[in-house]
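The values are calculated or read from the model by the stated rules, or taken from the named source; none is laboratory data. Since we're looking at a predicted model, the values are computed, not measured. Neighbour counts run over all protein chains shown; Cβ positions are idealised from the backbone, glycine included.
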Amino acid sequence: MVCIYCSAKTRISNSRRQLRSNNVWRRRNCTRCGAIFSTSEQVDYEKSIVVQSTDGRLSPFLRDKLFASIYRSCQHRPSCLTDTVGLTATVTARVWRLSQHGKLESIVLARTTLEVLTRFDRAAAVSYAAFHSDTASS
């Protein structure tokens, strides 16, 4: 990576895995200007997972779409934004493990989200289920 200030090469002086978010945090030092800054490396889910709908269509996994869906379901909570960030990370981590060779069925995504919401806030789960008919048990 290059320096954000002078575009020279940088070296890594510290690196830590963030287990909960599946990120890598790095402290970088510029070899030319001496600037110190941090970076965060994370999986690009949009290019790593495709979601297969019930009719067979494939589309990229959009974390922002998941976030918006969970946010709508949690709007009754005073800490909606903070809760949504954590819930989205939890669902993403779970479905990442459930995806097979980078493919995830939309029903698995919806049911996993519903399960996480049910354990967190039943009202949010009911709201989510109302907008996602594919969460009904088979």
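Starting from the stretch 98-110, keep only residues that are acidic (Asp, Glu), then list their pairs with residues that are surrounded by fewer than 16 Cβ atoms within 10 Å (Cβ to Cβ) whose Cβ atoms are within a distance under 6 Å, requiring at least 6 positions of separation or different chains.
none
Being outside any helix (DSSP H, G or I) and either surrounded by 13 or more Cβ atoms within 10 Å (Cβ to Cβ) or of a type in the set (D, E, K, R) (or both) is the filter here, so list the residues in the stretch 74-96 that pass it.
Here is the first cut: in the stretch 74-96, the residues outside any helix (DSSP H, G or I) are 74-79.
Matches in the stretch 74-96: 74, 77.
Name the single residue that is modelled with the lowest pLDDT among those in the stretch 1-44 being basic (Lys, Arg) and in contact with a strand residue (DSSP E or B) (Cβ under 7 Å, 6 or more places away or on another chain). Give the steps one after another, and end with the answer.
Residues of the stretch 1-44 that are basic (Lys, Arg), as a first pass: 9, 11, 16-17, 20, 26-28, 32.
Keeping just the survivors that are in contact with a strand residue (DSSP E or B) (Cβ under 7 Å, 6 or more places away or on another chain) gives 9, 11, 16-17, 26-28.
Details: 9: 96, 11: 97, 16: 93, 17: 89, 26: 96, 27: 97, 28: 97.
For the stretch 1-44, the residue satisfying everything is 17.
Name the residue, out of 19, 62, that is not assigned by TED's automatic domain parsing to the domain that holds residue 121 and not basic (Lys, Arg).
Numbers: 62 fails: not assigned by TED's automatic domain parsing to the domain that holds residue 121.
Exactly one residue qualifies, and that residue is 19.
Of everything in the stretch 97-135, what is modelled with pLDDT under 95, part of a helix (DSSP H, G or I) and either surrounded by fewer than 16 Cβ atoms within 10 Å (Cβ to Cβ) or among the acidic types (Asp, Glu) (or both)? Give them in sequence order.
Hits for the stretch 97-135 are 97, 98, 130, 131, 133, 134.
Checking residue 66 against (1) loosely packed, with under 12 Cβ neighbours inside 10 Å; (2) under 16 Å from residue 117 (Cβ atoms), which single condition isn't satisfied?
(1)
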